[in-house]
Amino acid sequence: MPVEVSNFIKDNPLNIKVFALASQELSNEDEFFVVIKNSIINEILGILFIVGAIFIAFSKEKNEDEYITQMRLESLVWATYLNYAILILAMLFVYNFAFLWVMVFNMFTILLFFIIRFNWKIYKSKKQVADEKLS
């Protein structure tokens, strides 16, 4: 079972009071528009990952042209299809809190799939050009 990063840090200085639109503790009922005490390490790491991945995914290539733009679009479409295919499979076969974890990781996977596929297509394209020059 996944563990919060904050569990590994003794006397966590980032355990602070934060405003919550919605909150639910295991023993309490739902609360809305409240101030709670929470470790914000997971939120900081999640935001840093998303922002960093967006910078990596959508930064311009050295020689950006129509072909690279087309590869970028195709990779984004491919990543979206793959991401939602995995989500559909999870909806059919994963339940309870395990599904909650699938949903949490699903926020990040579309960017990961895109970055991997786009860079793989760039690599293949550069290799093909290099092979043609040698021939």
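The values are calculated or read from the model by the stated rules, or taken from the named source; none is laboratory data. What you are looking at is a predicted structure, and each value in this text was computed from that prediction instead of being measured. All Cβ positions, glycine included, derive from the backbone under ideal geometry; neighbour counts span all protein chains shown.
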TODO: Could you give me the residue pairs with C-beta distances under 8 Å whose first residue belongs to the stretch 36-47 and is surrounded by fewer than 14 Cβ atoms within 10 Å (Cβ to Cβ), whose second residue is at pLDDT 90 or above and of a type in the set (D, E, K, R) wherever it lies, and which are 6+ apart or on separate chains?
DONE: Ile36/Lys17; Lys37/Lys17
Open item on the list: Given the condition under 15 Å from the mean Cα position of the chain (by Cα) and part of a helix (DSSP H, G or I), answer yes or no: does some residue in the stretch 118-135 qualify?
Closed with: no
Task: Only listed residue being modelled with pLDDT of 90 or more, in a helix (DSSP H, G or I) and surrounded by fewer than 13 Cβ atoms within 10 Å (Cβ to Cβ), chosen from Ile88, Ile68 - done: Ile88
Open item on the list: Can you go through Asn83, Asn106, Asn96, Asn63 and tell me which one is among the polar types (S, T, N, Q) and modelled with pLDDT of 95 or more?
Closed with: Asn83
TODO: Output the residues belonging to the stretch 51-60 that are at pLDDT 90 or above and either surrounded by fewer than 10 Cβ atoms within 10 Å (Cβ to Cβ) or under 22 Å from Asn12 (Cβ atoms) (or both).
DONE: Phe55, Ser59
Open item on the list: For a quick check of your reading of the model, give me the residue pairs whose first member lies in the stretch 93-110 and is surrounded by 12 or more Cβ atoms within 10 Å (Cβ to Cβ), whose second is not in a helix (DSSP H, G or I), with beta-carbon atoms closer than 7 Å and at least 6 apart or on different chains.
Closed with: Trp101/Pro2; Val102/Val94
Task: Flag for Ile54 being aliphatic (A, V, I, L, M), in contact (Cβ under 8 Å) with a residue 40 or more places away in the chain and part of a helix (DSSP H, G or I) - done: yes
Task: First in the stretch 112-135 and among the charged types (D, E, K, R), second anywhere and assigned to a helix (DSSP H, G or I), Cβ under 7 Å, 6 or more apart - done: Arg117/Ser75; Arg117/Trp78; Arg117/Ala79; Lys121/Met71; Lys121/Ser75
